[in-house]
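The values are calculated or read from the model by the stated rules, or taken from the named source; none is laboratory data. None of these values were measured; they are calculated from a predicted model. Positions of Cβ are backbone-derived with ideal geometry, glycine not excepted, and every protein chain shown enters the neighbour counts. All accessible areas refer to the heavy atoms of the entire protein, side chains included, with ligands and DNA or RNA removed. Shrake-Rupley method; radii C 1.70, N 1.55, O 1.52, S 1.80 Å.
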Amino acid sequence: MAVLDDLSGFEFEDVMEDVFRNLGYENVRQAAKTADEGRDVIMEEVVDGQRRAIIVECKHTATVGRPVVQKLHSAIATFDFEGPKRGMVVTTGRFTTPAQEYADRLQQNDDPYPIELLDGKDLREIADEIGLDLYNGRIEILCDETLRPYDPAADVDAAVAEAFHDIENIEAADLPEPHSAVTFRPVVAITADTNAVFETSVGVIHRINDRTRFVVHTERGQPQVVDEDVGSLVTENLHATVDLDTERFGAVFNDVKERRFGQTQTEYKEWAVDRLQDYHTTTVTYTGDNNVTYNKTCEPNLSDISVQSIEPVYLPEVRQTTEMLEYSYPYEYYAAGPSRVTAEDGIHRCVHCETSGVDETYTYCPNCGAIACDSHIKRERLEGEPVCTGCAVTERFALKTKYFYDEENLEAFREEYAAMPIHEKAMENKVLAGGGVIAMVLTLIGLLVIGGVI
């Protein structure tokens with residue numbers, strides 16, 4: 001069978017490591033590639049609550065004979081593991097009759113180290129199950145699961161209503177329905193172990209024993225690690241996914257888009273291993289036996305890095321836009337049911353300046369629909385309601401600028417102002433009026449002092 005013909009034996013082991021991981025086996029890793037002892041991949045499974053080790057021999061050959069199976073049986077017996085163990089031989093070709101008979105006999109005799117055989121035909125069936133391209137050895141991503149794009153226990157507009165909650169001068173009941181769009185963005189959650197020991201003549205100078213978990217945007221182009229809070233949103237909700245049903249979500253959102261995974265799972269694994277190799281590479285300073293100080297670059301080998309899992313899922317990016325008179329307010333966030341991480345908050349942002357953030361106070365202007373900070377919100381003189389500096393009509397009265405919704409209100413106040421007695425007009429500028437009173441009092445006191453009265 002012409003399967004995976006362009007791969008070397010080591011590359012075939014890499015492929016099988018990914019295959020077993022996708023089949024649900026745990027702690028899948030490759031044995032050291034030096035001094036092959038008949039075990040290429042090591043992994044674990046849990047059967048009836050008991051953990052069992054599996055030692056795998058990978059043979060990228062046309063036929064596999066009985067000696068290979070016998071050798072693996074001996075390797076299982078010497079493998080250090082506290083618990084039951086079994087073996088597996090996988091090949092792109094076929095097994096000879098003696099090899100099959102030997103494996104069958106182990107099973108029939110309830111041997112403590114049974115061996116399962118997987119041939120090229122079995123690989124074809126597995127390939128269909130997990131998305132393995134048999135001709136280039138890469139595993140495609142098969143994913144139709146997404147985090148929930150909204151909380152099923154609440155209205156889809158609940159996030160926007162909550163965001164508007166602390167905006168002054170507008171009630172939730174007065175909010176128009178926002179335009180809601182969701183884009184399902186592909187991501188993968190990668191978990192990898194790095195274990196490496198660096199020694200010189202003086203002993204161990206550096207050791208790495210680290211488990212790393214990160215989430216990566218996986219659309220077209222170079223993978224990008226998501227922000228930490230978005231990564232936590234994904235990993236904490238991987239247990240609560242739903243089917244990505246665009247028709248179903250189309251009944252909830254105005255627009256629904258689905259982006260595709262840009263590369264294969266195998267390529268993301270290779271990218272992750274390269275990234276972790278760079279991340280863990282460091283220079284160590286140590287003192288040699290001759291009391292001389294040395295610097296050594298400690299770079300883990302690719303075989304020191306074992307990807308434990310690659311979990312694909314779609315991450316909903318929701319964008320809700322609220323139109324209010326002359327202005328539009330976008331609110332964008334990544335969603336996982338009731339949990340979300342804000343990506344853009346156009347609600348807590350003054351339309352007239354750069355002021356933004358939920359720690360500021362913002363007020364809605366019903367005259368033009370602006371949301372503005374305290375510096376750009378004034379009190380409308382005639383009606384006493386908020387108005388923003390962007391739309392207000394202004395005029396100075398008693399040397400102080402007054403703000404009006406429109407020319408009609410301004411004209412009405414002109415008539416009112418003209419009819420005011422002088423002391424009321426003066427009070428249109430309380431600072432000036434107060435200063436005038438103080439000046440008069442000081443003048444009077446001065447005259448009394450000059451006149452010898454006091």
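Given the condition touching a residue at least 60 places away in the same chain (Cβ under 8 Å), part of a strand (DSSP E or B) and open to solvent by less than 60 Å² (accessible area, probe 1.4 Å), answer yes or no: does some residue in segment 392-411 qualify?
No, there is no match, as no residue in segment 392-411 is touching a residue at least 60 places away in the same chain (Cβ under 8 Å), part of a strand (DSSP E or B) and open to solvent by less than 60 Å² (accessible area, probe 1.4 Å).
Condition check ((1) surrounded by fewer than 16 Cβ atoms within 10 Å (Cβ to Cβ); (2) basic (Lys, Arg); (3) under 27 Å from VAL160 (Cα atoms)) across all residues:
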position: ALA181; (1), (2), (3): no, no, yes
position: VAL188; (1), (2), (3): no, no, no
position: PHE198; (1), (2), (3): no, no, no
position: GLY221; (1), (2), (3): yes, no, no
position: GLN224; (1), (2), (3): yes, no, no
position: ASP227; (1), (2), (3): yes, no, yes
position: GLU236; (1), (2), (3): yes, no, yes
position: ASP245; (1), (2), (3): yes, no, yes
position: ALA251; (1), (2), (3): yes, no, yes
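Mind checking which residues of segment 65-102 are of a type in the set (A, V, I, L, M), within 29 Å of LEU132 (Cα to Cα) and under 46 Å from the mean Cα position of the chain (by Cα)?
Across segment 65-102, the qualifying residues are VAL68, VAL69, LEU72, ALA75, ILE76, MET88, VAL89, VAL90.
For segment 104-132, give me each residue that is in contact with a Leu (Cβ under 9 Å, 6 or more places away or on another chain) and farther than 30 Å from THR78 by Cβ.
ARG124, ALA127, GLU129, ILE130, GLY131, LEU132 - these are the residues of segment 104-132 that are in contact with a Leu (Cβ under 9 Å, 6 or more places away or on another chain) and farther than 30 Å from THR78 by Cβ.
Confirm whether ASP110 is over 20 Å from VAL28 (Cα atoms) and in the same structural domain as GLY87 (by the TED database).
The answer is yes for ASP110.
Could you tell me whether THR361 is free of Cβ contacts under 8 Å to residues at least 40 places away in the same chain and β-branched (Val, Ile, Thr)?
Answer is no for this residue.
Could you please give the count of residues in segment 46-63 that are surrounded by fewer than 17 Cβ atoms within 10 Å (Cβ to Cβ) and either modelled with pLDDT of 95 or more or under 38 Å from the mean Cα position of the chain (by Cα) (or both)?
7
In segment 286-316, what residues are open to solvent by 80 Å² or more (accessible area, probe 1.4 Å) and assigned to a loop (DSSP other than H, G, I, E, B)?
ASP289, ASN290, ASN291, GLU299, ASN301
Out of ARG148, ARG220, I need the residue that is under 24 Å from the mean Cα position of the chain (by Cα), under 25 Å from GLY250 (Cα atoms) and in the same structural domain as ARG260 (by the TED database). Which one?
After applying the criteria, what remains is ARG220.
Can you tell me which of TYR331, TYR327 is touching a Gly at 6+ places or on another chain (Cβ under 7 Å) and surrounded by fewer than 21 Cβ atoms within 10 Å (Cβ to Cβ)?
TYR327
May I ask you to say which residue of LYS269, LYS257 is under 25 Å from the mean Cα position of the chain (by Cα), surrounded by 14 or more Cβ atoms within 10 Å (Cβ to Cβ) and among the basic types (Lys, Arg)?
LYS269
Look at LEU382 and say whether it is among the aliphatic types (A, V, I, L, M), on the phi > 0 side of the Ramachandran plot and over 30 Å from the mean Cα position of the chain (by Cα).
When the stated conditions are applied, LEU382 does not pass them.
Look at segment 162-179 and say how many of its residues are assigned to a helix (DSSP H, G or I), open to solvent by 20 Å² or more (accessible area, probe 1.4 Å) and out of contact with any helix residue (DSSP H, G or I) (no Cβ under 6 Å at 6 or more places or on another chain).
Counting residues in segment 162-179 that are assigned to a helix (DSSP H, G or I), open to solvent by 20 Å² or more (accessible area, probe 1.4 Å) and out of contact with any helix residue (DSSP H, G or I) (no Cβ under 6 Å at 6 or more places or on another chain) gives 3.
Go through segment 110-141 and count every residue that is free of Cβ contacts under 8 Å to residues at least 40 places away in the same chain and either of a type in the set (Val, Ile, Thr) or in contact with a Pro (Cβ under 9 Å, 6 or more places away or on another chain) (or both).
Total meeting the criteria: 1.
THR183: more than 26 Å from GLN308 (Cβ to Cβ) and part of a strand (DSSP E or B), yes or no?
In short, yes.
Determine whether ARG105 is under 27 Å from LEU7 (Cα atoms) and assigned by the TED database to the domain that holds MET16.
Taking the combined requirement at face value, the residue does not satisfy it.
Take the conditions of a type outside the set (Asp, Glu) and open to solvent by 50 Å² or more (accessible area, probe 1.4 Å) and apply them to THR361. Does it pass?
Yes.
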